Structures are given as C-alpha cells and as structure tokens.
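Derivation of every value follows stated rules applied to the coordinates shown; laboratory data play no part. Everything quoted here is computed from the prediction, not taken from an experiment. Every residue, glycine among them, receives a Cβ derived from its backbone with ideal geometry; neighbour counts consider all protein chains shown.
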C-alpha cells in the first residue's frame with residue numbers, strides 16, 4: 001500500500017496523528033487500544049479483588065473489611081502468591097499457544113479472524129467476570145489466567161500490522177502513530193478508572209463491587225470499540241505457505257527457531273534488541289501486576305486509594321508517551337529506549353522503599369506518577385524501535401518472533417516474586433527483584449551498534465533470505481510488480497503445493513536478482 005504526498009498532507013491538516021485515518025489499520029488499532037485500556041484497568045481491580053477474597057477465605061480479616069494478616073494461607077499459598085501465580089500460569093500458557101497462533105496469522109489468510117475470535121473471547125470473559133464474588137472468585141481467577149493468554153494473542157495479531165504501517169508512512173509518522181495509539185489506550189484506562197473513583201466517592205463500593213463495576217465498563221468498551229475495530233480491519237494475504245506435510249501446530253515453533261537463527265547470523269543488532277525485549281517486557285508485565293499486591297498488602301491502600309494511585313499513574317503515562325516521543329526525536333530510538341528502561345527500574349525500586357512505611361497514604365501518588373511516566377515512554381518506543389529496525393519484506397516473519405520474545409520469559413519475574421514472598425521476604429524486596437530485569441534489558445541494548453547502523457541493516461536483504469528456512473518452511477509467497485519487473489519475472493502468489501516443492505528443490509527457479517530486490 002502506498003500513499004501520495006497529497007494523502008499525507010490531507011491527513012496532517014488537523015495537526016494530529018488521528019487525522020491519518022484513510023489507513024484502515026490506523027483507525028482499527030486506535031479503537032482496539034481503547035478497549036485494551038479498559039481491559040488493563042480491570043486487571044488491576046480484579047487482582048485487588050482476588051487478594052481481598054482470598055484473604056477473607058483464609059481468615060485474614062479483622063473487624064473491618066480489610067485484610068490484616070497477609071500471611072494467611074488459602075488453598076496452600078499466601079494471597080500475594082496466589083495472584084502472582086495467576087501471572088505465572090498465564091505466561092506459560094501464552095508461550096505455548098502463541099507459536100501455533102502465529103502460524104495461523106503467517107501461513108493462512110485468517111489473520112483478521114484470529115483478531116475477531118480473540119476479541120469476542122475478551123468480551124465474553126469480561127462479562128462473565130462481573131460475577132466475581134466470595135463463592136466464585138477461584139473460578140474467576142482461573143478465567144483471569146485464560147483472559148490474559150487471549151489478550152496476548154490479540155496483541156500479537158495487532159502487532160502483525162505495525163511493520164506494514166511503518167513501511168507505508170515512514171519513521172516520523174510511525175513514531176507519531178505509536179505514541180498516539182498508546183496515549184489513546186492510556187486515556188481510556190484513565191477514563192474507566194475515573195468513573196470507578198467517582199462511583200466510590202458517591203457509593204463507597206468497596207473492593208469487590210469496584211472490580212465488578214470496572215468489568216462492566218470493560219464489557220461495554222469491548223462491544224463498542226474492540227469488535228468494531230476488527231470489523232474495519234482489512235484482511236491480509238498469507239505471507240508464507242507451508243511445506244507439504246507440515247502442520248500448523250509445529251510450524252510456528254519451527255519458524256521462530258529458524259527466524260531467530262537468521263536474525264542472529266545476519267541482523268545481530270536486532271537480535272540484541274530482542275534479548276532486551278525478553279527482559280524488559282517480563283519486568284514491565286510483572287511490575288504492573290505485583291504492584292497491586294504491594295499497594296494493597298504492604299502499604300495498606302484501600303480500593304479507592306488504589307484507584308486514585310493508578311489514575312495518577314495514568315496521567316503520568318499520557319505525559320510519558322508525548323515526552324518520550326519528544327526525546328526520541330532529539331536523540332534516537334535506541335538511546336531513548338535505554339533511558340526509559342533505566343527510568344522504569346529506578347522509579348520502581350527507589351519508590352517502593354520510600355513509600356512502604358508511609359502513614360499518609362496519599363504520599364504514594366507521586367510514586368505512581370513517576371512509574372506511569374516512564375512506562376508511557378517505554379511501551380510505544382519499543383514498538384517504534386522494532387518497526388524501524390525490522391528488515392524490509394520480512395515484517396510478518398519477524399513480528400512473530402518479536403511478540404514471542406515479549407512473552408516467552410514473562411513467567412520468570414513473577415516466579416521469583418512468589419518464591420521470595422513464600423520465603424517470608426518482604427514484598428518490597430520481591431518488587432525490587434522484579435524491576436531489576438529492566439537493568440538487564442539496558443545491558444542488551446548497550447551491545448548494539450549506533451542507530452544509523454541499525455537503520456542501515458534494516459534496508460538490506462540477504463541474498464539467501466529464503467534459504468534460511470527452506471529446510472522447515474517454504475519461503476514467503478513471492479509477489480512481483482508487473483509494471484516494475486515485467487512479465488518474465490512474474491510468479492503467481494498462489495503457488496500450489498507441488499510447485500512450491502519444486503521451487504524449494506531448485507535454486508534456479510527464483511532469480512537471484514529478484515531475491516535481492518526484496519521479493520523473498
């Protein structure tokens with residue numbers, strides 16, 4: 001898909017990324033982000049509700065409606081461990097399910113249908129979880145692990161469109177788009193949370209009813225935004241075809257391994273970035289969930305105070321997305337991403353020790369703002385880095401490994417958190433250990449070459465791009481432009497299985513010059 005100068009000027013006339021809406025994917029990702037913001041906010045209040053109900057079942061309540069003994073055991077574990085274990089099992093399930101789902105996205109024309117199915121599941125499960133009560137909380141916690149996995153599949157499907165959009169509009173537009181998408185998502189989170197705060201002020205809902213209200217709002221936004229997003233999202237043709245006799249169930253794992261070997265051999269800078277993603281994403285994911293445990297059980301915030309804490313955090317997130325985009329333009333995505341990761345680690349570690357014994361609970365709110373600012377800087381910038389660093393015409397293949405790296409080690413920090421909590425180590429130390437994974441992410445980025453070299457690598461196509469995965473997966477469907485290459489180089493993009501086998505068997509079936517022109 002290409003865009004003329006007139007198109008871009010037309011879309012820029014309002015001075016806002018949201019005016020770039022002739023691109024259907026841009027609108028769809030924005031709408032999906034609004035719903036995802038609500039889902040992310042509901043995770044916070046549901047986690048607090050699970051802590052509350054688990055502690056109550058274990059007999060850790062006093063005279064009031066608050067857990068006064070966080071060391072009680074329920075179903076063989078502490079309430080804090082129970083919530084972190086949800087994340088552990090969800091992350092492991094995601095790591096196992098993502099490659100086969102990625103194969104469907106990559107090898108079949110059903111990418112959009114994966115998005116539709118996961119969107120419907122998110123809406124249905126969110127609606128069911130409105131019924132989280134004392135009698136149902138354990139079953140709802142199991143559903144929470146499932147919805148987390150489905151959420152990751154939804155993200156993976158959306159991210160498959162990111163590199164294509166970056167190629168259409170260029171780096172400047174992609175930076176602007178990404179920060180706007182993230183800002184829209186976090187504004188949605190803030191709006192949902194603001195409604196929760198107002199309802200608590202007026203009706204004093206308490207922990208359980210607060211979570212139920214948030215789930216109801218999430219269901220509404222899934223129906224109003226997430227499903228329409230996939231209605232307008234365009235279909236995409238398959239990027240690869242399966243070798244005869246191969247199964248989609250294993251093709252994703254094979255492709256991830258083959259892709260990583262190719263990246264390590266030919267695109268070392270991108271490989272170091274992916275190692276950084278493994279560490280950084282696992283830290284960010286764990287901190288977002290374990291911070292609720294710290295605030296509820298260690299600091300002693302009420303449901304209302306937790307809502308206010310995260311509202312302040314989300315204000316920081318919105319400002320962080322714009323501040324991060326500004327700093328990125330003044331430096332480059334590599335330097336800026338390292339700064340964001342260092343900021344996340346420092347804010348979380350220093351802050352948790354400053355506020356753990358605070359008597360005036362409202363003094364925790366500036367800590368929330370600082371965490372939000374650096375996370376708002378970090379998340380969209382990571383997507384920008386990948387979109388600009390991925391080699392041409394290998395976006396779909398490399399998007400799969402990018403998303404897999406963001407999830408494959410997501411269970412490690414919460415596992416460390418659980419082990420430390422079960423060993424009676426304070427939650428502050430457990431949170432510190434979790435946030436320390438950001439330092440490892442910075443270390444990997446420090447191994448990359450200057451940003452100009454990373455961009456240079458993204459423009460090159462290896463002469464044998466296709467052959468790197470021929471032994472396991474047939475090369476990407478070849479698309480040749482009639483006008484630029486002539487009829488003699490035309491190859492039908494709908495290659496039959498027999499023709500594919502023949503093409504793989506003979507290197508001469510695909511002209512090397514065409515391969516060097518990015519047709520692999």
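Modelled spin-label separation between residue 24 and residue 459, with each label point placed 7 Å from Cα along the Cα-to-Cβ direction: 3.2 nm. Listed peptides 416-422, 174-180 appear in the order 174-180, 416-422 once ranked by packing, highest mean of other Cβ atoms within 10 Å at the front.
Short-range pairs are left out: with C-alpha atoms under 8 Å and at least six residues apart, the relative contact order of region 18-459 is 27 percent.
Answer rounded, prolate or oblate for region 18-459, using the Cα gyration tensor with square roots of eigenvalues a ≥ b ≥ c: rounded when a/c is under 1.5, else prolate when a/b is larger than b/c, else oblate. Prolate, since a/c reaches 1.5 and a/b exceeds b/c. Does anything in region 114-130 have its amide N under 17 Å from the 7 Å Cα→Cβ label point of residue 195, and if so which residues? Only 123-130 fall inside the zone, counting backbone N under 17 Å.
Of the peptides 344-357, 270-283, the order by per-residue mean of other Cβ atoms within 10 Å, starting with the highest, comes out as 270-283, 344-357. Rounded to 0.05, the FRET efficiency of the residue 449 and residue 244 pair, given R0 = 60 Å and the Cβ-Cβ distance, is 0.90. Ordering of 442-453, 32-43 by packing is 32-43, 442-453, highest average first (other Cβ atoms within 10 Å, averaged per residue). Taking 0.36 nm per residue of separation and subtracting the Cα-Cα distance, full extension of the segment from residue 204 to residue 353 would add 50.7 nm. Based on the alpha-carbon gyration tensor of region 165-300 and its eigenvalue square roots a ≥ b ≥ c, which shape applies: rounded if a/c is under 1.5, prolate if not and a/b is larger than b/c, or oblate? Since a/c reaches 1.5 and a/b is larger than b/c, the shape of region 165-300 is classed as prolate. At an R0 of 35 angstrom, the distance between the Cβ atoms of residue 172 and residue 423 translates into a FRET efficiency of 0.10. Label-to-label distance, residue 134 versus residue 71, with points set 7 angstrom from Cα along the beta-carbon direction: 2.6 nm. For region 352-441, the gyration tensor built on C-alpha atoms gives an oblate shape. Its axis ratio a/c (a ≥ b ≥ c) is at least 1.5, and a/b is not larger than b/c.
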